[in-house]
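Asks: The following block contains the structure, expressed as structure tokens.
The values are calculated or read from the model by the stated rules, or taken from the named source; none is laboratory data. As the structure is a prediction and not an experimental result, all values here were calculated from the model. We place every Cβ from the backbone using ideal geometry, glycine too, and count neighbours over all the protein chains shown. Ligands, DNA and RNA are stripped out before the accessible areas are found, and what is left, the full protein with its side chains, is counted by its heavy atoms. Shrake-Rupley method; radii C 1.70, N 1.55, O 1.52, S 1.80 Å.
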Amino acid sequence: MALIYIIEDDDSIREIEEFALMNAGHKVIGFPCAKDFYRRLEDVLPDLCLVDVMLPDESGNDIVKKLRRNPDTRMIPVIMVTAKTTELDLVKGLEDGADDYIKKPFSVMELMSRVKALLRRSQPEEIKELRLDDLVINNEKREVAISGNVIELTFKEYELLSLFVMNKGIVLNRDTIMDQVWGTDYEGESRTIDMHVKTLRHKLGDYGNRIRTVRNVGYVIE
């Protein structure tokens, strides 16, 4: 199964997360602070990270930003765990590079659902390359470039863009997007699609304007 790192300073929450994930067959290593996490990261890269927003030595947002800036760690799927529930806080986490978020307090079933869905989609697509004019999606490198300039995307943003480009000109309803990118067992809020589309549009610049909202239906890339 997967190797999962948990960065959480609350011992009781970290133990619950560790217990649930280990019972599911995963190898889990927990860290009470960012410093210990970075030290371990130099030795072994995980398959997924659970990152608390409020930590004693560094914010979870800063951890995610550092992971995304490092070529060796930029594609590691990250779920942020946060007690902050405003849309602004959640959007900020996604803009910093998180692939998903869990709001405290959360259930073990929700935790397992999010982790399972994200891990299931962490494998490269069979299609080697997708194109939309000068926008190129290279699935072998898991890299997106516009006119040769690499665009840094999170795991979920990459999956979302790939889905849009594979279906260019076709309106995708919200249920289809949720199923293909987040999985049928996803139990979170559907507005997470809108948050990811918002950050994706921003990163794609002019190409972001080609992702059109179809009112009361979903999205289409043109």
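Asks: So in the chain, what percent of DSSP beta bridges are antiparallel if you round to the nearest 5? Present the calculation step by step, with values, prior to reporting the outcome.
Replies: On the way: 17 of 34 bridges.
Taking every DSSP beta bridge within the chain, about 50 percent pair in antiparallel fashion.
Asks: Rank Lys65, Lys27 by accessible area, highest first, at a 1.4 Å probe radius?
Replies: The ordering from most to least exposed comes out as Lys27, Lys65.
Asks: Around Ala2, with a cut-off of 12 angstrom between Cβ atoms, what is the net charge of the other residues, counting Lys and Arg +1 and Asp and Glu -1? Can you show the working numbers first?
Replies: Numbers: positive: Lys27, Lys116, Arg120; negative: Asp47.
With Lys, Arg at +1 and Asp, Glu at -1, the neighbours total +2.
Asks: Might you work out the accessible area of Lys203 for me, using a 1.4 Å probe with all protein chains in place, and round it to the nearest 10 Å²?
Replies: Using a 1.4 Å probe on the heavy atoms, I get roughly 50 Å².
Asks: Still on this structure, I have one more. What accessible area per residue, rounded to a whole number of Å², is obtained for the chain using a probe radius of 1.4 Å?
Replies: Dividing the accessible area of the chain by its residue count gives 48 Å².
Asks: Amide H of Gly30: which non-local residues (sequence gap of 5 or more, or other chain) have their own amide H closer than 5 Å, using H built in the peptide plane?
Replies: Ile6
Asks: Still on this structure: Could you derive backbone 3J(HN,Hα) for region 37-51 from the dihedral phi with the Karplus parameters 6.51, -1.76 and 1.60 (θ = phi - 60°), listing whole Hz in sequence and x where the residue is Gly or Pro?
Replies: Along region 37-51, the couplings run 4, 4, 4, 5, 4, 5, 8, 9, 8, x, 8, 6, 10, 9, 10 Hz.
Asks: In whole Å, what is the distance between the alpha-carbon centres of region 165-181 and region 205-222?
Replies: 11
Asks: I've got another one for you. Step through the residues of region 149-155 one at a time and calculate ³J(HN,Hα) from phi using the Karplus curve (6.51 cos²θ - 1.76 cosθ + 1.60, θ = phi - 60°), rounding each to whole Hz and writing x for Gly and Pro.
Replies: Along region 149-155, the couplings run 8, 5, 9, 7, 10, 6, 4 Hz.
Asks: Continuing with the same structure: Lys and Arg at +1, Asp and Glu at -1: add these up for the other residues within a Cβ distance under 10 Å of Tyr207 and post the number.
Replies: 0
Asks: Continuing with the same structure: Once neighbouring chains are kept in place and the probe is 1.4 Å, which whole percent of the accessible area of the chain is contributed by carbon and sulfur?
Replies: It is 49 percent, rounded to a whole number.
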